[in-house]
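First the structure, in the form of structure tokens, and then the observations on it.
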Amino acid sequence: MAPFEPAALPELLPVFYRRLFPHGAYGRWLGYGGAAKNYFQLREFSFTLRDDVYLRFQSFGSPQELERELQKINPYKIDIGAVYSHRPSQHNTVHLGAFQPQEKELVFDIDMTDYDDVRTCCSSAEICSKCWTLMTIAVRVLDRALVEDLGVKHRLWVYSGRRGVHCWVCDDAVRKWSPALRGAAVEYLSLVKGGAETVKKVTLSEPVHPFVRRSVSVVERYFAAYALEGQDILGSRESWEKVLALVPEEHREPLRGEFPKKRDSAQRWELLRARMERTRRPASAGKGLPCYADWEIMLQYCFPRLDINVSRGVGHLLKSPFSVHPKTGRISVPLDLQRLEEFDPFAVPTISSLCQELDAAGEPEDGSEAEPKRRGYKRTSLAPYVRLFEQFVEGMERARRGEALRRSDLQGDF
Amino acid sequence: MEFSSGRARLRHARLAGDRRELYPHSLQFYQEPPAESVSLAEFESFAVDRLRLLKIVENLGVSYVRSGDMYKNKLEQELRKLKFPYRALAEDDYDARRKDHISHFILRLAYCQSEDLRRWFLQQEMDLFRYRFNELNDSLRQKFLEHVNLSFEAISEDLKNEWANDLCASTPGLSMIKVKEQMFYKVGLSDAVELFRARRVFIKDGFAYVPLKDIDAIVLNNYRTKLSKALALTARSLPSIQSDERLQPLLNHLSHSYVGPDYSVQKNTGKISLEHIDALSVKSFPLCMRQLHKALRENHHLRHGGRMQYGLFLKGIGLTLEQALEFWKKEFIRGKVDADKFDKGYAYSIRHNYGKEGKRTDYTPYSCMKIIMSNPPSQGDYHGCPFRHSDPELLKQKLQSYKVPLNGTTQILELVKGMHYQLACQKYFELTHDVDDIGLSLNHPNQYFAESQKLLSGGREVKKEPSHLGNSQQKSSGQESVNSNSTPTSSNTTADAELEGLEAYFAED
């Protein structure tokens, strides 16, 4: 793959917006089937230009107008904001205070830097295939809860382009959620609490809520491979002391004595897990409190860490799908949940690799009319990601048609 | 939310004269404003009583655990005393429910005017509502929920059994046996937002499954949302209310005053001797009492309103029943009333005031708010608030005759013009006691007297923070007084800030 050079962006971006960016599906997504008049026109876009010049409150009359503007100014980065009470581009012309965000997708932002205290392989902006599993777990845990608990249907999961993932929940009802309800959802979905000054960041007590129980069983599927083998969290005295600090004192000493006798992380974990499980058996009732330290450890090491402010604020901006990441050159591509475990952030196409592919494929042979220039992505490795995105948009469109049909049927009864 | 049909129901109820239909429950969400005519006198007395009730709610909330018996007993006593619906029994107490309804809406008008006021009002009304809702028995609760459209669909027994483990694990404090007994309701996430946030309820497919015991959290949450929205909307329509010159001063006083200590307990009973009253009336009486005293001395008579206002004030500053009887008798028999007539006609009411006759209520001295707002003086009356109830020209003459300097008089008249009667009184206090700033807000004639005495006997330092008044509401009203007192122009900026608060509210929603 061609290495990405940020300096090449001014040259590559025009190609990207002219021939690669999926304008069609993008416009259909944010138009929401014309659900509300002007819905697209009231949407805030914000662009980052060269040298971090930042343009907020951009808005457009139609997806076509947006497309022309993108091709004109070639932004380094696109962010999507809320649907406002008035056209964002005219926000200065309305009475102060009248300009208010009304609706937005419920979004989640999970960033690998928030896991620095529990990963040993990398830190800050770095990621590797080992710690990327944390993102896989995060998507699995949250997506299960979004569907089964919150009852949402249309989730678009996107790789952020560098070290994290975003989720866009697009259901009609959810886009109307108040900040209070969004905040409540994030709190419902958060288990890891406390900053650098808190050692034990997850505390469970009876009764254990079904959300916790189900999240634990998701985490369990990955825990052995990720934490015990990959991160080897019980591999050395130094690392297991970090784990033992999360165990109540009465269990800590016996485990500390036994751990050196065991061969590896897996065996040590089995010791700890079995001990905790015994405290929770009905037979052991009365012999001390049931202890969930094994679950707490699993959650502290693996459970998704959400940024509540991104999700709560309706007006908060989030990097758009298919935007280029200006540092890595990678495209923010949708994630395929069917094949999430296979996703490799390092294999995601960069703007330079895509342009190279375009060049290699050459111009379409028999005239450009059969295949307009803007469908250039079809001949690159971006194609499967655009296909995923189209499937997502089609899913929403199908649901809308079904709803419209149901409504007209109801009316037909008269 | 069934606005029109509710209205139609109300109208229908009125036409039919079916009072039971109008208030089917002892508890209400106050969704429909009163549609009947209310006399000004009733308007005032309802408002004062509700404000007193809310102050009690606030004080009890500070002193006792809200779910405790002490709290409940005390609150019930007060509700009973003030003639509000005090127990959620099925008894059809139309008058109390009507009073509850009307007084709530009056205070809404008074307390929608600033962010602070709204917050305070909301808090007290929420506490009051919570208490009342929790007093309901199960069937009344069910009926009430249906009435306010919060009757959620209960899940079937089959479904409950299928989910029993999850329901039990989701709801702290609920044993499996209790799960079997309880009804669970299917509630939207936005209605159950607090339970949802705290993960204290079973969440599935976008709904919360709430046991009956937690329905109160839902109802309270719903009530809070409705009331805070209503307050914000009321604030927006306030300009049209403020143009009503009968209501505006009342509303301002409701929100700017507070029901402070009621001076019903006399610490210095018997320490005043009758010979000193003349001198005290000049030195330490507020203008309203000085005026009453003077009228009494001149006419050897006061009409009922004056006797009540002044008599209770005297009781408050420490006159014993015997002294009071002597005081009034001596004065009255110098006029047209002979001793026999006094004993038969007037002594009774004085003993009554001291709780020795009739229903034996120990009457409390009138506060400024009561004096300003209720029972305005008519022909031949000397009671009321001189700042509120005097012709400005007469007030000016009077102040000048009392040697208030001219520029002070002008200041007082300015405050009167702006309907800041209590601030005007405070100014009068400062001018007559030669202090720059008494450092607290006056809202009771007996407080005026006590502060004056402290100052004159050197027992009080000026410019001290009000110490015994430890509640937020009062601080804020004190703060506002200071603002409008020192810089008249600042009232504009305050109004702007309030408007911003309002916008913030809408933004947050």
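Once the Cβ-Cβ distance between A:Lys242 and A:Arg339 is put in as r, and R0 is 41 Å, what FRET efficiency do you end up with, to the nearest 0.05?
Values: r = 33 Å, r/R0 = 0.81.
The value I calculate is 0.75.
Can you return the aspartates and glutamates within cross-link range of B:Lys271? Criterion is Cα-Cα under 17 Å, with same-chain partners fewer than 8 residues away left out.
Straight-distance partners of B:Lys271: B:Glu322, B:Glu326, B:Glu451.
Only counting protein heavy atoms at a 1.4 Å probe, give the residues of segment A:130-164, ordered by number, whose accessible area falls by 30 Å² or more when the other protein chains are present relative to the chain alone.
A:Glu148, A:Asp149, A:Leu150
Given axes a ≥ b ≥ c from the Cα gyration tensor, I'd like to know whether segment B:92-240 is rounded (a/c under 1.5), prolate (a/b larger than b/c) or oblate. Walk me through the numbers on the way to the answer.
On the way: a/c = 2.81, a/b = 1.91, b/c = 1.47.
Since a/c reaches 1.5 and a/b is larger than b/c, the shape of segment B:92-240 is classed as prolate.
Would you jot down the residues in segment B:171-213 that end up with at least 50 Å² less accessible area in the complete protein assembly than in the chain alone, with a 1.4 Å probe?
When all protein chains are present, B:Phe196, B:Arg197, B:Arg199, B:Ile203 each give up 50 Å² or more of accessible surface.
State the percentage of accessible surface on chain A attributable to carbon and sulfur atoms; use a 1.4 Å probe and exclude ligands, DNA and RNA.
Percent of accessible area from carbon and sulfur atoms in chain A: 50.
Got a sec to turn the phi values of segment B:156-161 into Karplus ³J(HN,Hα) couplings, 6.51 cos²θ - 1.76 cosθ + 1.60 with θ = phi - 60°, whole Hz, x for Gly and Pro?
5, 4, 4, 4, 4, 5
Once amide H atoms are placed 1.01 Å from N in the peptide plane, what residues at a sequence separation of 5 or more from B:Phe184, or on another chain, have their amide H within under 5 Å of its amide H?
Result for B:Phe184 returns B:Ile155.
Kindly identify chain A as rounded, prolate or oblate by the Cα gyration tensor criterion: order the square roots of the eigenvalues as a ≥ b ≥ c, call it rounded if a/c is under 1.5, otherwise compare a/b with b/c, prolate if a/b is larger, else oblate.
Numbers: a/c = 2.20, a/b = 1.62, b/c = 1.36.
Prolate, because a/c is 1.5 or more and a/b exceeds b/c.
Kindly write out, for segment A:79-95 in residue order, the coupling ³J(HN,Hα) from the Karplus curve 6.51 cos²θ - 1.76 cosθ + 1.60 (θ = phi - 60°), rounded to whole Hz, with x marking Gly and Pro.
10, 10, x, 8, 8, 9, 5, 10, 4, x, 5, 10, 4, 6, 8, 9, 4
Could you pull out which residues in segment A:300-337 have an amide N less than 19 Å from a spot 7 Å beyond the Cα of A:Lys72, following the Cα-Cβ vector?
none
Report, as an integer, the average count of C-beta atoms from other chains found within 10 Å of each Cβ along A:258-270.
Details: counts 0, 0, 0, 0, 0, 0, 0, 0, 0, 0, 0, 0, 0.
For peptide A:258-270, the averaged partner shielding equals 0.
What lysines could a cross-link reach from B:Lys344, if we take a straight Cα to Cα line under 20 Å and drop same-chain neighbours fewer than 8 places away?
Straight-distance partners of B:Lys344: B:Lys329, B:Lys330, B:Lys336, B:Lys356, B:Lys359.
Accessible area drop of at least 20 Å² (1.4 Å probe, protein heavy atoms): which residues of segment A:180-216 qualify, relative to the chain alone?
Buried by the other chains: A:Ala180, A:Leu181, A:Ala184, A:Glu187, A:Tyr188, A:Pro207, A:His209, A:Pro210, A:Arg214.
Which aspartates and glutamates, on any chain, are close to B:Lys180 with Cα under 20 Å apart, when same-chain ones fewer than 8 places away are left out?
A:Glu206, B:Asp138, B:Glu153, B:Glu157, B:Asp158, B:Glu162, B:Asp166, B:Asp214, B:Asp216
List the accessible area buried at the contact between A and B, summed over both sides and calculated with a 1.4 Å probe, in Å² to the nearest 100.
Answer for the A-B pair: about 1800 Å² buried.
Please work out the FRET efficiency for the pair A:Ser190 and A:Phe57, using the Cβ-Cβ distance as r and a Förster radius of 35 Å; give the result to the nearest 0.05. List each step's numbers first, then the result.
Values: r = 31 Å, r/R0 = 0.88.
Computed FRET efficiency for A:Ser190 and A:Phe57: 0.70.
Before I look further, what does segment A:190-302 give for accessible area per residue, probe 1.4 Å, in whole square angstrom? Display every interim value, and only then the final one.
Details: 5720 Å² over 113 residues.
Solvent-accessible surface per residue comes out at 51 Å².
Let me know the shape class of segment A:131-213, please: from the alpha-carbon gyration tensor, a ≥ b ≥ c as square roots of the eigenvalues, rounded when a/c is under 1.5, otherwise prolate if a/b is greater than b/c, or oblate. The partial results should precede the final answer.
Details: a/c = 1.70, a/b = 1.22, b/c = 1.39.
The shape class here is oblate.
The values are calculated or read from the model by the stated rules, or taken from the named source; none is laboratory data. None of these values were measured; they are calculated from a predicted model. Every residue, glycine among them, receives a Cβ derived from its backbone with ideal geometry; neighbour counts consider all protein chains shown. Just the protein is used for accessible areas: all its heavy atoms, side chains included, with ligands, DNA and RNA removed. Shrake-Rupley method; radii C 1.70, N 1.55, O 1.52, S 1.80 Å.
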